[in-house]
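Report on the following structure.
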Amino acid sequence: MKGLAVFPLLLICTPILGSNDEFFLKERGDQVVVNAFAKAKQHRGLFLDALEGRGSENSKYNYYGAYLKFTEGETVEYLWLGDVQKYKDFYIGVIISNPRLLEDTKSGETIGFQASDIYDWQLTEKKSGQSLGAFLICSTSEDEYIKSNGFTCEL
C-alpha cells in the first residue's frame, strides 16, 4: 500500500446528540468492548420484549436505543440509533450519533436492521428515568458519569 499501513479501528461513541459527541478509538478485539457487547447480547431479549410492548399502556419505557455496526470499506464505526421500533419482521431506528469516520452514513437517517445486528441497547424507564442496558457506556465511563446520567449498569 505504498508505505501506508492502515490499522482498522472501531469507533465507540456515546448516545449524546450534538456536535460535542465524545468518541473513543479502540483496537478491534478490545476486551472491554468485547465483554460489553457479549453482555448486551446476553440480555438482548429484555430489549426486544420491550420493543414488542412499545406504545401499549403497559409499556414501562419511553426511550428505545440500539447500537449498530456500520462498515464502509475497511472503516468500521458503531453508532447509536434512537426511536427504535419494530416494523413488520425487522426493526427501524434513526441514527443519532454523528459519524466521525464514515462518509456515506449520516445522522438523522432511518435505518432498518435485524435483532442480530444489535451490539448494545438502551431503554429508559418512564417513571424513574433510569436507563437500562448501555453496557458499553457502563464499561467505559467513570462512576460519576454513570450516576449523574441515570444509568443502571446491573440487571
field: Residue that is nearest to F47 (Cα to Cα) [pool: residues in the range 71-116 that are free of Cβ contacts under 8 Å to residues at least 12 places away in the same chain and either in contact with a Gly (Cβ under 8 Å, 6 or more places away or on another chain) or not in a strand (DSSP E or B) (or both)]
entry: S116
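Mind listing just one residue for me: the one in the range 108-132 that is open to solvent by 60 Å² or more (accessible area, probe 1.4 Å) and touching a strand residue (DSSP E or B) at 6+ places or on another chain (Cβ under 9 Å) and, of those, nearest to K86 (Cα to Cα)? Steps first, please.
Our first condition is that a residue be open to solvent by 60 Å² or more (accessible area, probe 1.4 Å); within the range 108-132, this holds for 109-110, 114, 116-117, 119, 126-128, 130.
Then keep just the ones that are touching a strand residue (DSSP E or B) at 6+ places or on another chain (Cβ under 9 Å); that gives 109-110, 114, 117, 119, 126, 128, 130.
Values: E109: 16, T110: 13, Q114: 10, D117: 14, Y119: 17, K126: 19, S128: 24, Q130: 22 Å.
The selected residue is Q114.
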message: Consider the range 1-58. How many of its residues are part of a loop (DSSP other than H, G, I, E, B), modelled with pLDDT of 55 or more and open to solvent by 70 Å² or more (accessible area, probe 1.4 Å)?
response: 6
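Could we say that I146 is in contact with a Cys (Cβ under 7 Å, 6 or more places away or on another chain) and either open to solvent by 70 Å² or more (accessible area, probe 1.4 Å) or aliphatic (A, V, I, L, M) (or both) here?
Working: in contact with a Cys (Cβ under 7 Å, 6 or more places away or on another chain): yes; either open to solvent by 70 Å² or more (accessible area, probe 1.4 Å) or aliphatic (A, V, I, L, M) (or both): yes.
Yes, satisfied.
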Residues that are among the polar types (S, T, N, Q) and either outside any loop (DSSP other than H, G, I, E, B) or in contact with a helix residue (DSSP H, G or I) (Cβ under 8 Å, 6 or more places away or on another chain) (or both), drawn from the range 117-148: Q122, T124, S131, S139, T140, S148
statement: Checked the range 66-87 for anything farther than 11 Å from F113 by Cα and exposed (fewer than 15 other Cβ atoms within 10 Å of the Cβ); matches are T71, E72, G73, E74, D83
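The values are calculated or read from the model by the stated rules, or taken from the named source; none is laboratory data. On a predicted model such as this, the values are computed, not experimentally measured, just so you know. Ideal geometry is used to build each Cβ from the backbone, glycine not excepted, and the neighbour counts take in all protein chains shown. Accessible surface areas use protein heavy atoms only, side chains included; no ligands, DNA or RNA. Shrake-Rupley method; radii C 1.70, N 1.55, O 1.52, S 1.80 Å.
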